[in-house]
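Since the structure comes first, as structure tokens, the remarks are kept for the end.
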Amino acid sequence: MATLSVKPGQRFTVPDWHTNSHLISADAERQRSASHQVRQEARSLRNETNNQAKWDEHDNQTRLTERIGSVNRWKETLDKCLADIDVEIDALTQVKEAAECALQAKNLPLDVSIECLTLRESRRAIDLVRDPVGEELHKEVKVIDKAKRELQQRVHEAFEQLCLLQEARQQLSCDHRCKMEALEIDRMCLSLSVNSPNISFKVNPTRIPDGSTAPDEWERNSQCNREHAEAEMKASTELREATLLTIAQTNNELEAQRVATEFALRKRIRDLDRAYDELKWQEQNTLEEITEMEEDIRRLEEDLRRKMQDLKVAHTRLETRTYRPHMELCRDQVQYGLTDEVHQLEGTIRALKQKLAESQDALDALCRQLHRIQTDIGYKANSLLLDNKCLDSRRKLVVPAEKFVPELDTFNRTTNRALSPPKSRQLEL
């Protein structure tokens with residue numbers, strides 16, 4: 001009888017076998033059901049996440065596009081504002097330069113006015129008067145000083161306004177640069193896709209960066225920059241108009257004062273000219289009167305000498321007749337006649353001497369008056385020369401410097417001309 005080589009294993013019953021088969025089938029069904037459920041959920045999740053991702057990307061693309069449009073609109077607004085402020089800066093700079101030129105141009109009238117005042121200080125004696133010309137020249141100096149102060153104030157205000165405009169432009173320019181950078185970044189973000197080569201995972205990308213602002217704050221910042229720039233441009237425009245008005249007013253005031261001063265100066269020259277002619281006429285007449293007086297004095301002296309000789313003859317006759325002898329020494333008609341002749345001659349001589357003294361006094365008075373007239377003529381000539389120099393110097397205010405040629409020998413027009421005949425009024429005087 002043969003023997004078994006190994007110990008037989010556990011034996012299962014047929015029901016166990018069927019049970020095991022049923023368990024395996026049930027487990028397989030359950031696993032397939034679970035797998036099917038997982039597959040269905042996975043498909044649903046894939047669809048849902050894909051849709052969500054696509055919509056999220058679409059929404060963010062739209063948001064980026066809208067943000068780019070908003071930033072671009074502000075950039076264009078800032079571009080226009082920058083262009084306007086640049087134009088205003090150029091305009092204000094030109095007006096400031098015009099005010100500086102107007103201020104510089106006031107130096108010449110001031111120098112001329114001071115020169116005229118200095119020249120007129122050289123007048124002598126009675127001609128050193130406070131006349132309307134001096135008053136107008138002093139008024140002209142005050143007008144020029146006032147105009148220079150106003151123009152200097154306008155230049156200072158324009159300089160300060162230019163600084164404010166530059167500051168506003170700097171703010172606009174900084175905001176503009178920031179928006180340009182933001183546009184470039186957002187456009188780059190808009191262009192990114194899953195196929196872009198420069199995408200990667202970042203460390204904590206959802207953090208809130210330091211210095212982040214809210215949309216309202218961002219909007220207010222740009223709005224404030226624009227309003228500040230517009231306010232400064234408005235102030236600059238008003239300052240430009242005020243500066244141009246100041247330039248025009250100062251020029252008009254100075255021109256009016258120049259005309260008034262030159263009118264007074266020309267009137268003074270005419271008055272001096274008439275006074276000079278009057279004095280020359282008086283000098284000529286006084287010289288003629290002195291000549292006639294000297295001739296009359298010479299004749300008086302000759303008559304006085306003749307009367308002295310006649311008196312000597314009468315005295316000699318009377319003295320000689322006193323030596324008549326005895327009864328011949330009588331008071332006859334000759335004696336009475338000679339005595340009367342001596343008395344008459346003595347009275348005549350006294351009258352002639354008195355008249356000679358009066359004539360000499362009159363001649364001395366005429367000489368003194370002639371000296372006074374000639375001195376006053378010298379004063380008037382000096383005043384005419386000075387006022388003509390003033391008038392000639394003031395030609396620089398209306399004639400360009402390169403065309404200005406000073407008049408030579410301006411006084412000769414008066415001193416070298418022939419004397420005019422005496423006027424009826426002078427004859428009556």
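The values are calculated or read from the model by the stated rules, or taken from the named source; none is laboratory data. Treat the numbers as computed from the prediction; the structure is a model and nothing was measured. Reconstructed Cβ throughout: ideal geometry from the backbone, glycine too, with neighbour counts over all protein chains shown. Side chains included, ligands, DNA and RNA excluded: accessible areas come from the protein's heavy atoms. Shrake-Rupley method; radii C 1.70, N 1.55, O 1.52, S 1.80 Å.
If only residues of segment 380-408 that are open to solvent by 50 Å² or more (accessible area, probe 1.4 Å) and at pLDDT 85 or above are counted, the one that is nearest to the chain's Cα centre (by Cα) is Arg395.
Inspect segment 332-353 for any residue being surrounded by 12 or more Cβ atoms within 10 Å (Cβ to Cβ), in contact with a helix residue (DSSP H, G or I) (Cβ under 7 Å, 6 or more places away or on another chain) and closer than 30 Å to Glu283 by Cβ and give the result as yes or no. So far as segment 332-353 goes, no, none of its residues is surrounded by 12 or more Cβ atoms within 10 Å (Cβ to Cβ), in contact with a helix residue (DSSP H, G or I) (Cβ under 7 Å, 6 or more places away or on another chain) and closer than 30 Å to Glu283 by Cβ.
The condition (being surrounded by fewer than 15 Cβ atoms within 10 Å (Cβ to Cβ) and either assigned to a helix (DSSP H, G or I) or of a type outside the set (Gly, Ala, Ser) (or both)) is satisfied by just one residue among Gln170, Gln161: Gln170. No other residue among Lys75, Lys142, Lys80 is at pLDDT 90 or above, open to solvent by less than 60 Å² (accessible area, probe 1.4 Å) and in a helix (DSSP H, G or I) apart from Lys75. Looking at segment 17-32, is at least one residue part of a helix (DSSP H, G or I), open to solvent by less than 80 Å² (accessible area, probe 1.4 Å), of a type outside the set (Phe, Trp, Tyr) and touching an Asp or Glu at 6+ places or on another chain (Cβ under 6 Å)? Within segment 17-32 (the criterion being part of a helix (DSSP H, G or I), open to solvent by less than 80 Å² (accessible area, probe 1.4 Å), of a type outside the set (Phe, Trp, Tyr) and touching an Asp or Glu at 6+ places or on another chain (Cβ under 6 Å)), the answer is no, since none of the residues qualifies.
Residues are listed down the side, and each one gets a yes or a no for (1) open to solvent by 50 Å² or more (accessible area, probe 1.4 Å); (2) free of Cβ contacts under 8 Å to residues at least 40 places away in the same chain:
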residue: Glu278; (1), (2): no, no
residue: Gln282; (1), (2): yes, no
residue: Thr286; (1), (2): no, no
residue: Glu289; (1), (2): yes, no
residue: Glu292; (1), (2): yes, yes
residue: Glu319; (1), (2): yes, yes
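Selection within segment 92-133: residues that are within 30 Å of Gln166 (Cβ to Cβ) and among the β-branched types (Val, Ile, Thr). The member of this set that is surrounded by the most Cβ atoms within 10 Å (Cβ to Cβ) is Val95.
The condition (being among the acidic types (Asp, Glu), on the phi < 0 side of the Ramachandran plot and touching a residue at least 24 places away in the same chain (Cβ under 8 Å)) is satisfied by just one residue among Glu328, Glu341: Glu341. Per the listing Ala256, Ala260, Ala264, the residue uniquely open to solvent by less than 30 Å² (accessible area, probe 1.4 Å), modelled with pLDDT under 95 and of a type in the set (Gly, Ala, Ser) is Ala264.
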